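Taking it in order: structure first as structure tokens, then the write-up.
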Amino acid sequence: MALRLRPACVTDLPSIYRGEQDYIRRWEPGHEEAWRLQLERHLTCWVENFDRLTVAIIEEQFAGYCLWTPEQDCAELCTINVSEAYRRRGIGQALVDAYAVAARQHGFTCLRLSVRPDNPARLLYERAGFVCVGSGANDYLRYESQG
Ligand SMILES: CC(C)(COP(=O)(O)OP(=O)(O)OC[C@H]1O[C@@H](n2cnc3c(N)ncnc32)[C@H](O)[C@@H]1OP(=O)(O)O)[C@@H](O)C(=O)NCCC(=O)NCCS
């Protein structure tokens with residue numbers, strides 16, 4: 001399996017949109033309508049942070065993405081998604097590693113993210129060195145990694 005990570009391009013946006021929609025439907029179905037109403041805001045965020053949006057490609061197929069943004073003195077992982085057919089092959093780990101490297105290259109020593117307590121993505125983050133530091137909005141767990 002030849003995995004390639006590259007910066008996002010505008011033609012990735014439909015796949016990213018579908019990934020975000022799949023996440024909402026799987027994990028926050030009650031929020032889908034609100035998410036859709038905020039679509040313009042989400043799109044603006046993706047485009048404004050295009051240089052922090054990384055895409056995973058396997059054999060020329062779109063396989064996943066992640067996006068981070070600067071939030072005060074931390075680099076926050078806003079979203080990460082691997083297409084279902086490609087999960088548990090290390091792509092999520094590769095995307096988290098790429099985010100950590102890019103954030104540190106931009107001078108951030110604090111990396112942070114939020115995750116639902118029942119989302120096994122927690123295990124991915126813990127394996128990557130993130131530590132739970134409490135809970136925040138909607139009881140999402142807050143994780144940080146320093147270094
Ligand atoms: C979370 C997600 C990005 C993980 O992507 P992935 O490519 O499957 O992750 P990896 O293969 O790199 O997993 C690395 C490690 O994380 C842990 N892990 C990842 N997914 C897991 C799962 N569903 N159950 C248990 N452990 C899991 C495991 O330790 C795994 O190592 P292993 O496969 O050797 O056991 C993917 O499941 C996804 O897109 N989920 C939907 C979107 C989402 O929930 N994003 C997170 C929002 S906070």
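The values are calculated or read from the model by the stated rules, or taken from the named source; none is laboratory data. Keep in mind that what you see is a predicted model, and the values were worked out from it rather than measured. For neighbour counting, all protein chains shown are included, and Cβ atoms are generated from backbone atoms with ideal geometry for every residue, glycine included.
List of remarks:
- Residues that are without any contact (Cβ under 8 Å) to a residue 12 or more places away in the chain and of a type in the set (Asp, Glu), drawn from region 29-55: 32, 33, 40, 48
- Any hit, region 131-139, residues being surrounded by 15 or more Cβ atoms within 10 Å (Cβ to Cβ) and either within 8 Å of the ligand (Cβ to nearest atom) or in contact (Cβ under 8 Å) with a residue 12 or more places away in the chain (or both): no
- Only one entry in 104, 116, 112 is in contact with a helix residue (DSSP H, G or I) (Cβ under 8 Å, 6 or more places away or on another chain) and among the basic types (Lys, Arg), namely 116.
- Matching residues, region 68-109, being within 16 Å of residue 5 (Cα to Cα), without any contact (Cβ under 8 Å) to a residue 24 or more places away in the chain and either away from the ligand (no atom under 11 Å from the Cβ) or β-branched (Val, Ile, Thr) (or both): 101
- Residues of region 110-123 that are near the ligand (Cβ under 8 Å from one of its atoms), under 12 Å from the mean Cα position of the chain (by Cα) and in contact (Cβ under 8 Å) with a residue 40 or more places away in the chain: 121 alone.
Yes or no, residue by residue, for (1) surrounded by fewer than 14 Cβ atoms within 10 Å (Cβ to Cβ); (2) touching a Lys or Arg at 6+ places or on another chain (Cβ under 6 Å):
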position	(1), (2)
46	no, no
61	yes, no
74	no, yes
86	no, no
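- The single condition among (1) closer than 19 Å to residue 114 by Cβ; (2) at pLDDT below 95 that residue 34 does not satisfy is (2).
- Of 68, 27, all but one fail to be at negative phi, among the aromatic types (Phe, Trp, Tyr) and out of contact with any strand residue (DSSP E or B) (no Cβ under 6 Å at 6 or more places or on another chain); the exception is 27.
- Number of the condition not met by residue 21 [criteria: (1) under 22 Å from residue 139 (Cα atoms); (2) outside any helix (DSSP H, G or I)]: (2)
- Positions within region 1-12 being under 14 Å from the mean Cα position of the chain (by Cα) and either part of a helix (DSSP H, G or I) or not small (Gly, Ala, Ser) (or both), in sequence order: 5, 7
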